[in-house]
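Colleague: For reference, the structure I am asking about is given below.
The values are calculated or read from the model by the stated rules, or taken from the named source; none is laboratory data. It should be emphasised that the depicted structure is a prediction, and the values quoted were computed from it without experimental measurement. Cβ: placed from backbone, ideal geometry, glycine included. Neighbour counts: every protein chain shown.
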Amino acid sequence: MKDFRTEMVHIPIPTMETTRSSFPAEWGKTGIAYIYSVVWFVTTTVVISVVHERVPPKEHTPPLPDKFFDLFDRVEWAFSYLSIVGRRFFFIVGTLYMYRCITMYITTLPVPGMHFKCSPKLLGNWEAQMRRIMKMIAGGGLSITGSHTMCGDYLYSGHTVMLTLTYLFIKEYSPKRFWWYHWFCWTLSAVGIFCILLAHDHYTVDVVVAYFITTRLFWWYHTMANQQSLKETSQSNPFSRVWWYRLFQYFEENVNGTVPRHYQLPLSLRSLQWNRGVKYSKLDIQ
């Protein structure tokens, strides 16, 4: 019989605790990101009220020439890692609306069409302006609720921002096998943007700029979030020069790696059971 030496081989096996610590929830940071987005949503409403006072009368300054309007006449109808995903969404949408406040304020465009019915200007009546701002916030800033009757919020399109950003997040975080769902959401987003132009509620440049800024900021942020080396300040990292980099580091400092495409139904039969056994959810392996 040959003498065999027994050696102990250590095989590291990732545990559930290790997996969870790579993506901590940190709901406090998500709350800060939410407050950040709300602040800029409210600021946008205030800026719209201010810009409305500067919009030239459509009788004196007609709508600008727009190639899309020439081609189409106006048509009158027209998950488990929730805290991390939500934090990213709130930060990006808040930043986009901050940029929108700037572009709306520095350049006031005339109304895109003669069909617009703008509220009378208040000419420095701040009390009436505050009431109008609160009414717009309460109505969600939607024309369908009758709360948005002001003009001037054109460059760039907030509706295009939300349609584009929502699709990007769905595509990024839902499982790849949901390709049919991705195409469905892309179609809804594209049709929604087309209807914005078809209704002549925005100039084409408003939509183009909104799409460009939204997609670039989304891809920029997620490139930084998915690469550990880009989370560190250095001369070789040009991304660290953006003004929001410190805030980005604060939100992403404890997120290690790419967030898995992990989803779980909000309510299932298993959640209604009284047992406390191990619960499983689906994980899309990339």
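Colleague: Against the definition (under 17 Å from residue 214 (Cα atoms), out of contact with any Cys (no Cβ under 8 Å at 6 or more places or on another chain) and assigned to a helix (DSSP H, G or I)), how does residue 180 come out, yes or no? Walk me through it before giving the result.
Modeller: On the way: under 17 Å from residue 214 (Cα atoms): no; out of contact with any Cys (no Cβ under 8 Å at 6 or more places or on another chain): yes; assigned to a helix (DSSP H, G or I): yes.
Considered against the rule, which asks whether it is under 17 Å from residue 214 (Cα atoms), out of contact with any Cys (no Cβ under 8 Å at 6 or more places or on another chain) and assigned to a helix (DSSP H, G or I), residue 180 comes out as no.
Colleague: Exactly one of (1) at pLDDT below 85; (2) basic (Lys, Arg); (3) touching a Lys or Arg at 6+ places or on another chain (Cβ under 9 Å) is unmet by residue 117. Its number?
Modeller: Against the list (1) at pLDDT below 85; (2) basic (Lys, Arg); (3) touching a Lys or Arg at 6+ places or on another chain (Cβ under 9 Å), residue 117 comes up short only on (3).
Colleague: Being part of a loop (DSSP other than H, G, I, E, B), within 22 Å of residue 174 (Cα to Cα) and at pLDDT below 65, is that true of even one residue in region 242-264?
Modeller: Yes, some residue in region 242-264 is part of a loop (DSSP other than H, G, I, E, B), within 22 Å of residue 174 (Cα to Cα) and at pLDDT below 65.
Colleague: Go through (1) under 19 Å from residue 84 (Cβ atoms); (2) in contact with a Lys or Arg (Cβ under 6 Å, 6 or more places away or on another chain); (3) surrounded by 20 or more Cβ atoms within 10 Å (Cβ to Cβ) one by one and return the number of the condition residue 175 breaks.
Modeller: Failing condition for residue 175: (3).
Colleague: While we're on this one: Name the one entry in 140, 113, 124 that is in a loop (DSSP other than H, G, I, E, B), among the small types (Gly, Ala, Ser), more than 15 Å from residue 43 (Cβ to Cβ) and within 23 Å of the chain's Cα centre (by Cα).
Modeller: 140
Colleague: Quick check on region 178-214: of everything there that is of a type in the set (A, V, I, L, M), closer than 26 Å to residue 117 by Cβ and in contact with a helix residue (DSSP H, G or I) (Cβ under 8 Å, 6 or more places away or on another chain), which residue is surrounded by the most Cβ atoms within 10 Å (Cβ to Cβ)?
Modeller: This residue is 210.
Colleague: Report yes if residue 136 is hydrophobic (A, V, I, L, M, F, W, C), in contact with a Lys or Arg (Cβ under 9 Å, 6 or more places away or on another chain) and crowded, with 20+ Cβ neighbours inside 10 Å, otherwise no.
Modeller: No.
Colleague: Given the criterion modelled with pLDDT of 85 or more and surrounded by fewer than 11 Cβ atoms within 10 Å (Cβ to Cβ), identify the matching residue among 84, 106.
Modeller: The unique qualifying residue is 106.
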